[in-house]
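Chemist: Okay, handing you the structure first.
The values are calculated or read from the model by the stated rules, or taken from the named source; none is laboratory data. These numbers come from a predicted model, not from an experiment. Virtual Cβ from ideal backbone geometry, glycine too; neighbours counted across all protein chains shown. Ligands, DNA and RNA are excluded from the accessible area calculation, which covers all protein heavy atoms including side chains. Shrake-Rupley method; radii C 1.70, N 1.55, O 1.52, S 1.80 Å.
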2 protein chains.
Amino acid sequence: MPDSVALPASDRVRLRRGAHLGHYGHDDVLAVLDAGLVAHVGVTTPDGPMVLPTAYGHDGSRLYVHGAVANAALRAAVGHDVCVTVTILDGVIFGRSAFHNSMQYRSAVIRGTARPITDPAEQRRALQLISDHVAASWDSARSAHDAEIRRTMVVAVELLEASVKIRTGGPMDEPEDVDGPHWGGHVPIRTTFGHLEPSPDLPDGIAAPCSIAALAGSDVHPRGPRPGRG
Amino acid sequence: MPDSVALPASDRVRLRRGAHLGHYGHDDVLAVLDAGLVAHVGVTTPDGPMVLPTAYGHDGSRLYVHGAVANAALRAAVGHDVCVTVTILDGVIFGRSAFHNSMQYRSAVIRGTARPITDPAEQRRALQLISDHVAASWDSARSAHDAEIRRTMVVAVELLEASVKIRTGGPMDEPEDVDGPHWGGHVPIRTTFGHLEPSPDLPDGIAAPCSIAALAGSDVHPRGPRPGRG
């Protein structure tokens, strides 16, 4: 079935508001995950809901997030339902009426159970996916010590129940406002990587890996592949 | 008490991990809210936690978010605990070891009860704050009809229980890695507004309000006031 007519995998990820902006294809979900850098993970705690920003990676069928073994929010998530939301802001929209102000965005909402990764090989592979999501850097970095791996908790969420919402274009103004005296339109937003800033204590003569060097000046949230992505 | 030594308002917003990056001053919270444009609101639903991106505004003591009256997630939040997280990504950090990869960011986490705004005057004022948070545009737009206000639900969260986490600088590499052959450093991220794109059906001769025109080329997430901010 082509992605453009894919149906929601469950009722809890079916869009109610702005349903015409919704997409449920697996490729639609992966496109947003590939373009984003930060996920907001929602967990239910005894103190109420908690939402924390975090890096992530994916292998096409599972999304991975990581944290210190001592991370209380991540520990609370293990074995429970979580919601992982990735949002990219592409612009701001001003209507003739403020009621039609909006934003241009791409967002993915993934719901599922946070499964702890305990197999050392899968854990190492997940950490590489998270690391390389920003730019392929795992293989060019100093090899991870086993102690570093042990101090890191990784949880996975299957990419089975997900929805994507994409808003492009300008305001949807009322017909009677179109010929009025008020301005309407949008202002695009662009997010770019700047120049590399080597650590002050970096010895002379050590160049950045090509994948990291390729980030400079590129789009952080591209609609195609990121230059430095592994 | 100066903000730099402010204490967490409650245990549930006290930072456990990276406590040295934490700030609890009211001004610290407002600085992140002023610099951000999108909040991720976490609510607990019968189907598990849900995290949705949304625009927001604040008046210095209350944060406001809005949605259609028919918005199920927002309706579910009313009267219940929510978590509102605003995150700004300022850069990516590459350590000599991938274990020390990180990100530069500013984030605020606010926990509290979502209170419905039913007073028409406060509702209108809250909608202006949300609208003007991006750029002062409420007064220059067509006046909001009462029917538009009625179709919009506004909820408020008191800015009483909040924490801020700010990460700047480069990787915190292991001392034994510093003289090694691996690169370490960071790549800053800059998010900017582009040129104004008027709606295709905008009549000739209608100029954008100065506050919107001032956005073009400016920082989306400034450390000081945004040019177009009301």
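Chemist: What average number of partner chain Cβ atoms lie no more than 10 Å from the Cβ of the residues making up B:134-141?
Modeler: Working: counts 6, 4, 0, 7, 3, 1, 5, 12.
The mean count of partner-chain Cβ atoms within 10 Å per residue comes to 5.
Chemist: Could you please report the charge total around A:G194, scoring K, R as +1 and D, E as -1 over all other residues with beta-carbon less than 11 angstrom from its beta-carbon?
Modeler: Numbers: positive: B:R190; negative: A:E197, B:D90.
Summing Lys and Arg as +1 and Asp and Glu as -1 gives -1.
Chemist: For the protein assembly as shown, take the convex hull of the Cα atoms, compute a quarter of its surface area, and give me that in nm², please.
Modeler: 22.2
Chemist: Using all Cα-Cα distances in segment A:88-132, what percent lands in each 5 angstrom bin from 0 up to the longest?
Modeler: Pair shares across the bins are 6, 14, 12, 13, 13, 9, 8, 8, 8, 5, 3, 1.
Chemist: Starting from the Cα of B:V69, move 7 Å in the Cα-to-Cβ direction to define the label point; list residues of segment B:116-157 whose amide nitrogen is under 11 Å from there.
Modeler: Under 11 Å, as judged by backbone N against the label point of B:V69, lie B:147-153 of segment B:116-157.
Chemist: Quote the FRET efficiency, to the nearest 0.05, computed for B:D59 versus A:D47 with a Förster distance R0 of 25 Å and r equal to the Cβ-Cβ distance. Kindly include the intermediate steps, with their values, before the conclusion.
Modeler: Working: r = 26 Å, r/R0 = 1.02.
Once the sixth-power term is evaluated, E becomes 0.45.
Chemist: I would also like to ask the following. Under a Cβ-Cβ cut-off of 14 Å, what is the net charge of the residues other than B:A98 that fall near it, where Lys and Arg count +1 and Asp and Glu count -1? Let's see the in-between values first.
Modeler: Working: positive: A:R124, A:R125, A:R142, A:R151, B:R96; negative: A:D132, A:D139, A:D146, A:E148, B:D173, B:E174, B:D177.
Net charge in that neighbourhood comes out at -2.
Chemist: Next question. Quick one: grab Rg to one decimal and Dmax as a whole number for segment B:149-230, Cα atoms only, in Å.
Modeler: Rg then Dmax for segment B:149-230, in Å: 21.8, 66.
Chemist: By average Cβ neighbour count within 10 Å, what is the ranking of A:30-40, B:158-168, A:207-217 from highest down?
Modeler: Details: A:30-40: 21.3, B:158-168: 19.4, A:207-217: 17.3.
Peptide ranking by packing, descending: A:30-40, B:158-168, A:207-217.
Chemist: In addition: List residues of segment A:86-102, by number, whose backbone nitrogen lies under 17 Å from a label position 7 Å along Cα→C-beta of A:E176.
Modeler: A:96-100
Chemist: Could you list the residues of segment B:159-175 with an amide nitrogen less than 17 Å from a label point located 7 Å from the Cα of A:I206 in the Cα-to-C-beta direction?
Modeler: Label zone hits: B:170-175.
Chemist: If each of A:L160 and B:L160 carries a label point 7 Å out from its Cα toward its Cβ, how far apart are those two points in nm?
Modeler: The answer from the label model is 4.2 nm.
Chemist: Shifting gears a bit: Given springs between every Cα pair under 10 Å in a Gaussian network model of chain B, which of B:G170, B:G185, B:G48 has the largest fluctuation?
Modeler: B:G48
Chemist: If I build a Gaussian network model for chain B, linking alpha-carbon pairs within less than 10 angstrom, which residue out of B:H186, B:H145, B:H20 has the largest mean-square fluctuation?
Modeler: Per the Cα network of chain B with a 10 Å cutoff, B:H145 tops the list.
Chemist: Nearest 10 degrees is fine. How inclined is helix B:120-134 to the longest principal axis of chain B, computing both from alpha carbons?
Modeler: Its long axis makes an angle of about 50 degrees.
Chemist: Compute the accessible area per residue over segment B:168-222, keeping the other protein chains in place, probe 1.4 Å, unit Å². Display every interim value, and only then the final one.
Modeler: Numbers: 2770 Å² over 55 residues.
I get 50 Å² per residue for segment B:168-222.
Chemist: Then there's this: How large is the convex hull of the C-alpha atoms of segment A:1-84 per residue, in Å³? List each step's numbers first, then the result.
Modeler: Details: hull volume 10.6 nm³, N = 84.
Per-residue hull volume (Cα only) is 126 Å³.
Chemist: Using a cut-off of 11 Å between beta-carbons, work out the net charge of the residues near A:L21 (Lys and Arg +1, Asp and Glu -1, A:L21 not included).
Modeler: Values: positive: A:R17, A:R106, A:K165, A:R167; negative: none.
Its environment carries a net charge of +4.
Chemist: With a ≥ b ≥ c the root eigenvalues of the C-alpha gyration tensor of chain B, is it rounded (a/c under 1.5), prolate (a/b larger than b/c) or oblate? Let's see the in-between values first.
Modeler: Working: a/c = 2.20, a/b = 1.39, b/c = 1.58.
Since a/c reaches 1.5 but b/c is at least a/b, the shape of chain B is classed as oblate.
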